[in-house]
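K.L.:
Supplied in structure tokens, the structure appears directly below.
Every number here is computed from the coordinates shown, using simple stated rules; none is lab data. Here the structure is a predicted model, which is why all the values come from computation and not from measurement. We place every Cβ from the backbone using ideal geometry, glycine too, and count neighbours over all the protein chains shown.
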Amino acid sequence: MFQILEGTSGDVLAVEISGGYTKDDVEQFKKAFEDALKAGYDRINVLCKIDKLKVSQSEFAAFVADARYGFANMAKIRHIAVVADSGVMKLLVKLDNAVFGDPEKGLVEKYFDVADLDDAWAFVRG
């Protein structure tokens, strides 16, 4: 399930993914991201809170569509904060940032534990 979090405004798009992740969720994210761009922002900061993601209830095609959209719009993304409680997710974020991150251009992806949600908000707002 996908939902836009309270606190989303301006160039900050904050979302929560819980339970299964579907292509419909990806479409909702794309619409919200594109709405932020249409509001006049060149680059968007994204906070993604992942809560109890159930791979068994998720669609593989959703992850593929998500990745494709991310790659196609990399130049329009600035900071990405992934908030979760998962060692695997922490590793994936670290690898993703090492491969695709570009600190000189401001493209930085960071992992935050759920207890550090306030720090994640500060990161995407900073």
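K.L.:
Count charges around Asn45 for me, please; just the other residues with Cβ under 13 Å from its Cβ, Lys/Arg as +1, Asp/Glu as -1. Show your work: numbers first, answer last.
P.N.:
Values: positive: Arg43, Lys76, Arg78, Lys110, Arg125; negative: Asp11, Asp42, Glu109.
That sum, taken over residues with Cβ under 13 Å, equals +2.
K.L.:
Along each of the three principal axes of the Cα atoms of the chain, give the extent in whole Å, ordering the values from largest to smallest.
P.N.:
37, 29, 27
K.L.:
With a 10 Å radius around each residue's Cβ, average the other Cβ atoms per peptide and rank 115-125, 75-85, highest first.
P.N.:
By packing density, highest mean first, the sequence is 75-85, 115-125.
K.L.:
Once you place label points 7 Å from the Cα toward the Cβ at Ala115 and Asn73, how far apart are they in nm?
P.N.:
3.3
K.L.:
Another one. Modelled label-to-label distance, Leu95 and Ser56, 7 Å Cα→beta-carbon offset: nm?
P.N.:
2.4
K.L.:
What's the magnitude of the charge dipole for region 2-125 around its Cα centre, counting Lys and Arg as +1 and Asp and Glu as -1 at the beta-carbon? Answer in Debye, nearest 20. If you can, show how the numbers build up before the last one.
P.N.:
Numbers: 16 positive and 21 negative charges, 58 e Å.
Computed charge dipole of region 2-125: roughly 280 debye.
K.L.:
Can you give the local net charge around Asn73? Use residues other than it whose beta-carbon is closer than 15 angstrom to its beta-carbon, Lys and Arg +1, Asp and Glu -1.
P.N.:
Working: positive: Lys30, Lys31, Lys38, Arg43, Arg68, Lys76, Arg78, Lys105; negative: Asp11, Glu27, Glu34, Asp35, Asp42, Asp66, Asp96, Asp102, Glu109.
Within the 15 Å Cβ shell, the charges total -1.
K.L.:
Quick one: of Lys54/Lys105; Lys23/Lys94; Lys52/Lys105; Lys23/Lys90; Lys30/Lys105, which pairs are farther than 27 Å apart, Cα to Cα?
P.N.:
Flagged as over cut-off: Lys54/Lys105; Lys52/Lys105.
K.L.:
Continuing with the same structure: What does the charge add up to near Val108, with Lys and Arg as +1, Asp and Glu as -1, over the other residues with Cβ less than 13 Å from its Cβ?
P.N.:
+1
K.L.:
Next up: In the chain, what % of DSSP beta bridges are antiparallel (nearest 5)?
P.N.:
20
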